[in-house]
Amino acid sequence: MVRLMIDYSYAVAYVSAKETSVLSKEALLRMGSDGKDGLRQLSQTGYGGGDAESAGELVDRELSALRAFIKETLPDELASLLILPYDAHNLKVLLKCAVNGADALPYLYDNTMYDTEIAAACCRGGEFSLLSDDLAKILNPAYDAGTLSLPFYISALCDRAIYKEISKLSKSAPKPLPEYIAAKIDGKNLISYFRALRIGLDNESLGSLLLPGGLLDTEAFTEAYGSKADELRSYTSGLDMHFVFISACEAAKSSLSAAADILDNYAYSKLEPYKYEPQSVAPIFLYFKKKTAEARYVREAFCGKGGAV
């Protein structure tokens with residue numbers, strides 16, 4: 001069980017002070033337009049510790065420090081809600097590299113919840129109970145069946161296993177985290193739905209991409225997909241996300257990125273009412289969101305330029 005009686009006031013004060021130094025998208029785009037000089041400017045802000053060959057290296061360092069801060073600040077049950085998606089990435093890399101014989105080390109994240117050496121051993125041997133029983137229930141039989149040697153299923157099954165664990169942990173987390181996690185999963189499922197429509201996946205393949213734990217049951221997505229509906233209006237009627245889904249469906253007609261932003265903002269709206277509460281964990285989650293958005297903007301601003309990622 002999550003330890004509910006924790007004083008987060010110091011951590012909340014810390015992130016409130018640090019928020020003022022988070023770089024805006026506009027500032028980063030200006031830096032990125034200056035090529036190598038922009039990389040120097042970015043380094044001088046202290047981002048990623050400075051002095052790097054690329055903006056990508058700075059991003060990796062900054063996010064590593066962010067994950068370390070989260071692990072030091074929050075109990076594992078809450079830190080996992082933010083960091084386990086990075087473990088999903090590591091599992092995918094390890095499994096895919098095990099298939100093609102490539103070295104996984106350069107592509108792995110550090111400061112994750114699962115020790116990477118243990119995760120690597122699990123991926124080589126197909127026994128994932130050393131990580132968690134919930135992961136083992138999904139990944140062990142898939143490994144035995146040979147499914148975890150296929151790139152599509154590696155990605156789909158790792159995400160499903162990790163988000164099943166995230167959803168389970170969120171159930172005993174303090175408010176508003178259960179609502180936030182459910183909204184996050186609903187948004188990811190809708191984006192998977194759009195992508196499946198675009199590339200013409202069959203219903204079974206869509207089902208393998210859908211994550212457990214959302215407010216909208218996964219059967220609603222597969223039922224709607226059977227008729228190739230471009231929106232789920234009739235399935236979300238009366239639910240909190242109804243109008244958000246309508247907006248995202250409309251945005252998706254021209255841009256999946258715009259639809260994802262709408263859905264992401266909806267998930268974080270669950271945290272916003274708590275952002276000034278020093279005894280709540282929500283401000284720390286909101287800070288994590290701002291820092292990960294900042295990292296995305298760095299990559300967008302510097303990609304393909306002198307300070308290339």
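The values are calculated or read from the model by the stated rules, or taken from the named source; none is laboratory data. Just so you know, these numbers come straight off a predicted model, no measurement behind them. In this analysis, Cβ positions are derived from the backbone assuming ideal geometry, glycine residues included, and neighbour counts consider all displayed protein chains.
Annotations for the structure displayed:
- Cross-chain or 6+ apart pairs with Cβ under 7 Å, region 186-209 first and touching a residue at least 12 places away in the same chain (Cβ under 8 Å) and surrounded by fewer than 15 Cβ atoms within 10 Å (Cβ to Cβ), then part of a helix (DSSP H, G or I) and among the hydroxyl-bearing types (S, T, Y): N203/T222; N203/Y225
- Selection of first residues in region 89-105 that are modelled with pLDDT under 95 and of second residues that are surrounded by fewer than 22 Cβ atoms within 10 Å (Cβ to Cβ), restricted to Cβ pairs under 7 Å at least 6 apart or on distinct chains, gives the following pairs, ordered by first then second residue: A98/R124; V99/S149.
- Qualifying residue in region 228-236 (condition: crowded, with 19+ Cβ neighbours inside 10 Å, of a type in the set (S, T, N, Q) and modelled with pLDDT of 95 or more): no
- Selection within region 1-31 - over 23 Å from the mean Cα position of the chain (by Cα), closer than 30 Å to P176 by Cβ and basic (K, R): R3
- All helices (runs of 4 or more DSSP H) inside region 32-141 with 3 or more residues being under 24 Å from K171 (Cα atoms) and either under 17 Å from the mean Cα position of the chain (by Cα) or among the basic types (K, R) (or both): 55-73, 76-100
- Cβ-Cβ distances below 7 Å connect the following pairs, each with a first residue in region 46-64 that is under 19 Å from L84 (Cα atoms), a second residue that is charged (D, E, K, R), and a separation of six or more residues or different chains: V59/R299; S64/D110.
- Selected residue [of a type outside the set (G, A, S), buried (at least 16 other Cβ atoms within 10 Å of the Cβ) and not assigned by TED's automatic domain parsing to the domain that holds Y268] from E179, E165: E165
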